[in-house]
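Read the structure below first, then the notes.
The values are calculated or read from the model by the stated rules, or taken from the named source; none is laboratory data. All values derive from a computational prediction rather than experimental measurement. Neighbour counts are summed over all protein chains in view; Cβ atoms, including those assigned to glycine, are modelled from backbone coordinates with ideal geometry.
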Amino acid sequence: MFYRRKITFIAILVLALAVGISSLATSAKNEFPTDKNRTQTQVSEPLNLAVLVQDDLISQVGNELGVTREFIRSLPSGSRVMVGYITAGTLQVRQPFTADLGKAAASLRIPRSSTSASPYNPYVEVSEALRSFSASGKGRNAILLISDGLDTSRGFDATSSGHTLDLERAIKHANDRSVAIYTFYAPGVGLTSRSRLAASYGQNSLNRLATDTGGKAFFQGTTGFVTFDSYFERLRRSLNEVS
């Protein structure tokens with residue numbers, strides 16, 4: 001009898017300890033969530049999205065392909081995505097608009113990160129990409145432009161920041177087609193990676209492009225490089241705010 005009581009007591013003690021440890025683990029899990037446990041904002045409505053990447057951005061941008069692909073694949077069913085690269089004065093369309101989000105995500109490649117791929121400015125190619133949006137298409141239209149925003153087509157004149165001819169045209173064309181433009185700033189291998197003034201000039205232009213088309217610009221500081229993780233989370237929230 002004594003041994004039975006002792007065994008029962010030990011069993012209850014072990015069970016209590018197990019429950020206590022489980023509760024502590026759950027509490028810790030909730031207080032310090034792992035990547036798998038974090039909730040991620042999802043875009044609520046389908047959209048037609050063109051992802052444009054400037055081809056002469058610094059090599060660290062290549063490290064952000066994973067999170068960019070994840071964003072594309074996470075778009076709601078019914079979305080259509082186009083992927084293009086702005087390189088040396090031309091728009092290289094890697095993937096025309098498609099509802100196959102996996103295919104669109106797979107078409108992303110590492111930027112060339114070379115001055116040989118530098119455009120005079122990204123805004124001529126933005127206007128070109130805008131022609132790909134169907135006037136009779138369903139759903140909201142948006143562009144995600146990943147660029148340094150610098151326009152040197154008529155020389156590096158900081159006084160014209162945010163007011164160049166090609167930027168004005170891109171804004172007009174976007175508004176004519178009801179396309180909101182969202183921008184991620186990243187420095188290029190040329191001026192914007194060496195000059196704070198050039199970086200500020202580019203960011204000012206990207207901000208104007210986004211603000212005047214109903215989108216939003218994302219950047220942080222004029223030196224170094226910030227990963228896109230927080231940008232995409234804020235982009236999702238911004239897209240939902242206007243849905």
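Some values worked out for this structure:
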quantity	calculated
Segment 50-70 - residue that is of a type in the set (V, I, T) and crowded, with 17+ Cβ neighbours inside 10 Å and, of those, nearest to I143 (Cα to Cα)	V51
Candidate set from segment 178-209 (those that are assigned to a strand (DSSP E or B) and not aromatic (F, W, Y)); member that is surrounded by the fewest Cβ atoms within 10 Å (Cβ to Cβ)	A180
Residue match in segment 216-232 (condition: at pLDDT 90 or above, over 22 Å from T41 (Cβ atoms) and of a type in the set (G, A, S))	no
Count - residues of segment 38-70 that are closer than 25 Å to R131 by Cα and acidic (D, E)	3
Conditions (1) exposed (fewer than 14 other Cβ atoms within 10 Å of the Cβ); (2) part of a helix (DSSP H, G or I); number of the one not met by L239	(1)
Which listed residue is more than 15 Å from S132 (Cβ to Cβ), in contact (Cβ under 8 Å) with a residue 12 or more places away in the chain, in contact with a Leu (Cβ under 8 Å, 6 or more places away or on another chain) and surrounded by fewer than 20 Cβ atoms within 10 Å (Cβ to Cβ), from R112, R73, R94	R73
Scan of segment 168-215 for residues that are modelled with pLDDT under 95 and aliphatic (A, V, I, L, M), ordered by number	A186, V189, L191, L197, A198, A199
Candidate set from segment 95-123 (those that are assigned to a helix (DSSP H, G or I) and modelled with pLDDT of 95 or more); member that is nearest to T68 (Cα to Cα)	A105
Pick from segment 210-221, criterion within 14 Å of the chain's Cα centre (by Cα) and not in a helix (DSSP H, G or I), ranking: surrounded by the fewest Cβ atoms within 10 Å (Cβ to Cβ)	Q220
Residue match in segment 22-42 (condition: within 15 Å of the chain's Cα centre (by Cα), within 20 Å of F225 (Cα to Cα), modelled with pLDDT of 90 or more and surrounded by fewer than 16 Cβ atoms within 10 Å (Cβ to Cβ))	no
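Conditions tested, residue by residue: (1) assigned to a loop (DSSP other than H, G, I, E, B); (2) in contact with a helix residue (DSSP H, G or I) (Cβ under 9 Å, 6 or more places away or on another chain); (3) crowded, with 17+ Cβ neighbours inside 10 Å.
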{"position": "I146", "(1), (2), (3)": "no, yes, yes"}
{"position": "T159", "(1), (2), (3)": "no, no, no"}
{"position": "E168", "(1), (2), (3)": "no, yes, no"}
{"position": "I171", "(1), (2), (3)": "no, yes, yes"}
{"position": "A174", "(1), (2), (3)": "no, yes, yes"}
